[in-house]
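Some notes on the structure that comes next.
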Amino acid sequence: MGFTYVIPDIHGRADLLRDGLAGIVAHARGQAGTIIALGDYVDKGPDSKGVIDLLRHEPAPGWSLVTLKGNHDIMMVEALRHSSKMAWWLERGGDMAIRSYGGAPSNVPPADIEWLDRLLLMHIDRHRIYVHAGLDPDVPLDQQTERTLLWKRYPEGFAAGFGDRHVVHGHDSFPDGPKLYQGRTNLDTRAWRTGRLVIAVFDDDKPGGPIDFIRVSGPPSS
């Protein structure tokens with residue numbers, strides 16, 4: 001029996017990420033499993049640099065770590081590579097990311113930009129598909145567009161997954177979440193602002209939604 005732990009949108013809350021990783025290790029009681037982070041590591045919260053540093057340097061030795069890409073992660077990459085996109089990004093939380101690097105875009109190491117750019121768009125296991133925003137259920141997996149995977153918002157109450165697989169995602173924030181449906185789980189609780197991070201626990205041998213949650217609390221942000 002194995003377990004997969006899924007961390008939704010962090011948005012610069014390195015404090016919640018550290019506590020969440022510690023909570024995962026404690027929950028697992030010495031049995032290493034898989035940790036999947038759903039993207040949006042940067043922007044809005046106070047410590048984007050700290051989040052990237054933590055995820056890049058083996059935060060849970062012995063575990064399998066899967067880091068997916070979010071729309072804010074690609075926004076940061078594009079803004080730092082193309083100055084024409086800088087203002088748009090800064091207005092959407094990028095100013096906080098730059099502040100965490102000392103206040104100048106030139107302070108962001110190329111290795112951090114490359115790491116963000118190389119992140120995976122989805123992860124698939126026996127029973128589930130993990131993605132930042134969502135999937136088009138009418139399009140084959142190998143034909144899903146990057147825009148769908150990073151930016152999709154499901155219609156309110158949409159309960160289906162993708163075929164016989166459960167979809168696990170974030171992106172569409174709901175402070176009182178997570179939102180649980182028969183075919184999908186939305187884990188984004190706007191943790192960067194609420195100080196409330198909910199990590200889902202999935203049984204690798206059983207289909208469907210989470211079997212447990214790890215709840216992490218920290219100070220809210222303005």
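The values are calculated or read from the model by the stated rules, or taken from the named source; none is laboratory data. What you are looking at is a predicted structure, and each value in this text was computed from that prediction instead of being measured. Cβ coordinates were reconstructed from backbone atoms using ideal geometry, including for glycine residues, and neighbour counts include every protein chain displayed.
Looking only at residues in the range 122-156 that are surrounded by fewer than 17 Cβ atoms within 10 Å (Cβ to Cβ) and touching a helix residue (DSSP H, G or I) at 6+ places or on another chain (Cβ under 7 Å), the one that is farthest from ASN186 (Cα to Cα) is ASP136. Here SER84 meets the list (1) within 20 Å of ASP188 (Cβ to Cβ); (2) surrounded by fewer than 17 Cβ atoms within 10 Å (Cβ to Cβ) almost entirely, failing just condition (1). Restricting the search to strands (runs of 3 or more DSSP E) fully inside the range 165-222 and requiring at least 2 residues that are surrounded by fewer than 18 Cβ atoms within 10 Å (Cβ to Cβ) gives 196-203, 212-217.
Does GLY93 count as surrounded by fewer than 22 Cβ atoms within 10 Å (Cβ to Cβ), under 20 Å from THR189 (Cα atoms) and at pLDDT 95 or above? It would help to see each step written out before you state the result.
Numbers: surrounded by fewer than 22 Cβ atoms within 10 Å (Cβ to Cβ): yes; under 20 Å from THR189 (Cα atoms): yes; at pLDDT 95 or above: yes.
Yes, satisfied.
Every residue, every condition in (1) over 13 Å from LYS69 (Cβ atoms); (2) touching a His at 6+ places or on another chain (Cβ under 7 Å); (3) among the β-branched types (Val, Ile, Thr), yes or no:
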site	(1), (2), (3)
SER100	yes, no, no
GLY103	yes, no, no
VAL108	yes, no, yes
LEU119	no, no, no
ARG126	yes, no, no
VAL131	no, yes, yes
GLY134	yes, yes, no
LEU141	yes, no, no
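Of the residues ALA87, ALA133, the single one that is hydrophobic (A, V, I, L, M, F, W, C), in contact (Cβ under 8 Å) with a residue 40 or more places away in the chain and farther than 22 Å from ASP53 by Cα is ALA133. Only a single item in (1) more than 15 Å from the chain's Cα centre (by Cα); (2) farther than 14 Å from LEU38 by Cβ is not met by VAL201, and it is number (1). Here is a check on your reading of the model: is ASP15 surrounded by fewer than 17 Cβ atoms within 10 Å (Cβ to Cβ), among the acidic types (Asp, Glu), assigned to a helix (DSSP H, G or I) and under 20 Å from the mean Cα position of the chain (by Cα)? In short, no. Across the range 41-59, the qualifying residues are those that are surrounded by fewer than 17 Cβ atoms within 10 Å (Cβ to Cβ) and not basic (Lys, Arg), and the one among them that is modelled with the highest pLDDT is ASP53.
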